[in-house]
Amino acid sequence: MRIGFLTSSIYSPFGMALIKSLWRELEPRNCSLVIFEGYSLINNTATDYQCNVLYRMISQGSIDALVLSGQLSSKLGVELVQDLATKAGLPSVSLGIELEGIPAVSTDNFSGFEQIVSHLISHGYHKLAHISGPLKNPEALLRRDAFLKVIYQNGLEVPKHFLLEGNFSDIRGYHLTKKLIPHIRAKEIDALVCANDDTASGAIKCLNENGLSVPRDVAVTGFDDVGDPMGMVQTLTTVSQPMEEMCRKAVELLLDEQPDRFSGLVYTLQPRLIIRHSCGCKDSGHPVSNNPGPIFNPLRTHRRFQSLDETAFYSALTDCLSEYGMNACYIVRYLTPTRFDDYASARQNLKGTMLYGYSDGRKVQYATPFEVSRILPDPIYGTLDGITFVKPIFIGKNQLGYIIMSAPENLVATMANLCLEVQQYMENAFLAYEKQQVEMKLSDTLERLINTNRKLNELTVRDNLDKMKKIRYLANNMLQNRKADSGEYYLILVEIDNFFEINAEYGFEEGERVMNEVTRILSGSIREDDFLSHESCERYMVLIKNIHGDAIHAIEERFRKKLEELNNGLDKPYKVSFSWGYARASVDSDFEQVYTDAEADLASRRHSAAQEP
């Protein structure tokens, strides 16, 4: 029997723990586990998610039963999860959230959070702040409500600006804690109650980096107790979810001979308060990490495939799969890419072709197109064993294909990491291919040039940068590649001042020539492993990593010198002019804010230049 598990993402200690607990219940029952990463569903609404190829795989015969993770509602909301579960037409069970007509297994989130808040208050903490999970998630809402109930029952008050909404991630926990640091220094907060352990880990890192000690300056608590994401000594006071018991009950409900008799029933299991050192009640013999690990998720990419061509990539991938002991890996491309809001394609049989196949140490070839609702051709799909991961490949609203990888339980984290690397390579490869196709269609008119460049803009890496979880991986991995001790970078925005005037007066060929010359100048002014993206006709983005000291002046000087050389040797009736603005930031910075700061600096410089005589 093949059991599907639909979750938003596996890139967290909680997600990993859930998968392993499920597998330990399924394996003795001769069931296989197929994990569907539902992150792509954020591109859909409750009325159009059936356009998502992931939904076809779930609902059209590739699995026999379905487990839905409560994490899905954090991104999608309960409405979409409920509708998807109902229309999938499969025996289903929900882990973490209640859904109408479907049995659910959950932790008593309210009781667990009451316990931990009451524990803090009983030990003299009366100035509490709370970082919740996303409030569209029912579990996060229950925990926040329990927090407020205990606060009010004890005659305490919490200012609204001490109630912050997070997203269950360490990165969000880090940045929200930054907002609270002045209040902690002013002794307005003596305990920070976090919605889960990941959020607490990010909070502790932020506090340590700002010279505050846990629990001396402020107590910190979490929820989940599924393992420490930062690899430090277990010192976090938290609430332990009965993960194994939850998964055992969920599997029993799914595999019951009469599953319909459990329809709509909710099984609530009791969590357990785990008292450690971060609340100040126990001396573990260890400080609460004065030097915690990186704020980024411990599952990260090595960018080992980044510069490879297609042939070298598949060869390197085969070597990695063999070296790491993966069971199988397949890469599927849709014959006709489809959009997440393409209702017409949702009613058609979508076909795919296998670009790459690997199983048990050897390559697998299959040239015949097949229906992607089956995930893989039946003879191949039936050979998958261990834990299987299905990861969609998509760019913006465009669905391009998916990756299937399977591995033993002890290699699930390695599989997730490798799968992410393959996804990034394939998305970049699709981008490069699409860019090439667009360039081949350049027209002889200005109007078509502008339209084509807009398409190029839509298909540049900026599309990936807008996915903030990936940009954090990108910036972090770029910095790591140089193996330097600096975690800072410059984001530089460059715009050709007179591009449209040149293009309009001298023709699109001259406009294209100017773009090519500016690209050459910029690429020649940075290091080989820095980052350059052509965002639109006149705009470029440059990412300079691992900076030391005030390097921006040297970079600007190279820009000026190369621009002067260009204009001196330019036998044209015009001169090329471009402006730039920059922002300096660290890998912990909010990337959208860094981009906004660079735009503001660019506008300021242009304004100053316009005022000069």
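The values are calculated or read from the model by the stated rules, or taken from the named source; none is laboratory data. All values derive from a computational prediction rather than experimental measurement. Quick reminder, even Gly has a Cβ in these numbers, built from the backbone with ideal geometry, and neighbours come from all protein chains shown. Heads up: the accessible areas ignore ligands, DNA and RNA and are worked out on the full protein's heavy atoms, side chains in. Shrake-Rupley method; radii C 1.70, N 1.55, O 1.52, S 1.80 Å.
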Per 0.36 nm of contour for each residue apart, how much would the distance between Leu566 and Ala312 grow if the chain were fully extended, relative to their Cα-Cα spacing?
87.8 nm
Global geometry of region 556-607, whether rounded, prolate or oblate, following the gyration tensor of its Cα atoms and the 1.5 cut on a/c:
prolate
Sorted by chain and then number, the residues having a modelled amide H within less than 5 Å of the amide H of Ile35, at least 5 places away or on another chain, are Phe5, Thr388, Phe389, Val390
Hydrodynamic calc, region 111-238: Kirkwood Rh from Cα pairs, then Stokes-Einstein at 10 °C with viscosity 1.306 mPa s, so D in µm² s⁻¹ is 112 µm²/s
For a quick size check, give me the Cα extents of region 485-610 along its three principal axes, largest first, whole Å.
46, 24, 24
What FRET efficiency, computed as 1/(1 + (r/R0)^6) with R0 = 41 Å and r the Cβ-Cβ distance, is obtained for Ser536 and Leu355, rounded to the nearest 0.05?
0.85
Expressed as a percent, the accessible surface of region 485-610 that is carbon or sulfur, using a 1.4 Å probe and the full set of protein chains, is 46 percent
I want the local charge near Phe162. Using Cβ-Cβ distances under 10 Å, sum +1 for each Lys or Arg and -1 for each Asp or Glu among the other residues.
+1
Net charge, Leu148 excluded, C-beta distance under 14 Å - Lys, Arg +1, Asp, Glu -1:
0
Which value, in debye to the nearest 20, describes the size of the charge dipole of region 485-610 about its Cα centre when Lys and Arg Cβ atoms bear +1, Asp and Glu Cβ atoms bear -1, and nothing else is charged?
380 debye
